[in-house]
Amino acid sequence: MYSLMLIEDDPQLSELIKDNLERYGYVVHRPENFTNIIEEFARIKPDLVLLDINLPYYDGYFLCRSFRKQSNVPIMIISARSQELDQIMAIELGADDYITKPFTFEMLQSKVKATLRRVYGEYAAKESSNTCVGPLCIDANTLSLSCDGEKLELTKNEYKLLKKLMDHQSTFVAREELIEEVWDSITFVDDNTLTVNMTRLKGILSKLGYDQAIKSKRGVGYMFHIPTLTEK
C-alpha cells in the first residue's frame, strides 16, 4: 500500500482528491499546518508527493527544492499555472511530472499509478552497474553523471532519458519512444514536458564540457553522440 502526501491548500479540492485516491487503496496524508510541512514530510516519508505551487507560508517551488535535498521521492506538481516557465522551473527544482488544473480524477489517478509503477513496481530500474560512453558514466544506484572525477546529480527522469540515449548512442531515438521510456504512456504527457527535461539534461552535460552531446532533429527525435578523435 503506497503512502501519498497531498499538499493542497484548497480544502474542498484536497478532500475530493483524497477521497478519489483512497478508493484505489492509497494512504493519503494531508498536512493541516502549512508552517511545518518539511518536518512532516521527513516524518511521513511518503512514496509520492502531490504538490500545489500556490501555498501559504512556503510556495511549492521552495518545498520541491527542500524535498529534493532529503529524498529522491517522485514529486508531481498539481497547479493552475499552465505557463511553460512554471513547468520549466518545477522540473529544474526536481519535480518528476506536472499536471495543470482543472484535471479529471481519472487523469490524476492514471498519472499516480504510472509514476508509482515506474519508480517502485514492475518498470523500476534494476540496473546495478554504470553505463558509460567515452568518459561520461551514469550510475543507476546514485542517479549521478560523472566525468573525469567530477560528479553531478540527476533526477530519476534525467537518468532514464540519458540511459536510453546512451544505450542507443549515435542513433536518433524518437520522441514518442523517450516519452514511453520515462512516463510509460504518451497519452497523458504533454510533449513540452519532454522538451523541458531534455533542455535540463543538456544543461547538465554542458557543465561537464559536453554541450553538443545531445542533438535533436525536428520530426525525428534526439541522439546522444560524442565525437571520436577522428571526427574532431
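Brief remarks follow.
- Single residue of the range 14-28 satisfying the filter (in contact (Cβ under 8 Å) with a residue 40 or more places away in the chain and among the aliphatic types (A, V, I, L, M)) that is nearest to Y61 (Cα to Cα): I17
- Of the numbered criteria (1) crowded, with 17+ Cβ neighbours inside 10 Å; (2) of a type outside the set (A, V, I, L, M, F, W, C); (3) under 11 Å from I7 (Cα atoms), the one D97 fails is (3).
- Number of residues in the range 63-98 that are among the charged types (D, E, K, R) and touching a Pro at 6+ places or on another chain (Cβ under 8 Å): the value is 2.
- Within the range 25-60, being among the hydroxyl-bearing types (S, T, Y) and within 23 Å of the chain's Cα centre (by Cα) holds for Y26, Y58.
- Considering residues of the range 212-231 that are at pLDDT 90 or above and closer than 18 Å to C137 by Cβ only, the residue most open to solvent (accessible area, probe 1.4 Å): H225
- Identity of the residue in the range 2-55, acidic (D, E) and assigned to a helix (DSSP H, G or I), that ends up surrounded by the most Cβ atoms within 10 Å (Cβ to Cβ): E40
For every residue, the table says whether it meets (1) more than 28 Å from Y24 (Cα to Cα); (2) part of a strand (DSSP E or B); (3) out of contact with any strand residue (DSSP E or B) (no Cβ under 8 Å at 6 or more places or on another chain); (4) free of Cβ contacts under 8 Å to residues at least 40 places away in the same chain.
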position	(1), (2), (3), (4)
C64	no, no, no, yes
V73	no, no, no, yes
I91	no, no, no, no
P102	no, no, yes, yes
E106	no, no, yes, yes
R117	no, no, yes, no
N141	yes, no, yes, yes
K151	yes, yes, no, yes
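- Residue match in the range 117-137 (condition: within 17 Å of the chain's Cα centre (by Cα), open to solvent by less than 10 Å² (accessible area, probe 1.4 Å), more than 20 Å from S14 (Cα to Cα) and modelled with pLDDT of 85 or more): no
The values are calculated or read from the model by the stated rules, or taken from the named source; none is laboratory data. These numbers come from a predicted model, not from an experiment. Methodologically, a virtual Cβ is constructed for each residue, glycine included, from the backbone with ideal geometry; neighbour enumeration extends over all protein chains shown. We work out accessible area using only protein heavy atoms, side chains counted, and drop any ligands, DNA or RNA first. Shrake-Rupley method; radii C 1.70, N 1.55, O 1.52, S 1.80 Å.
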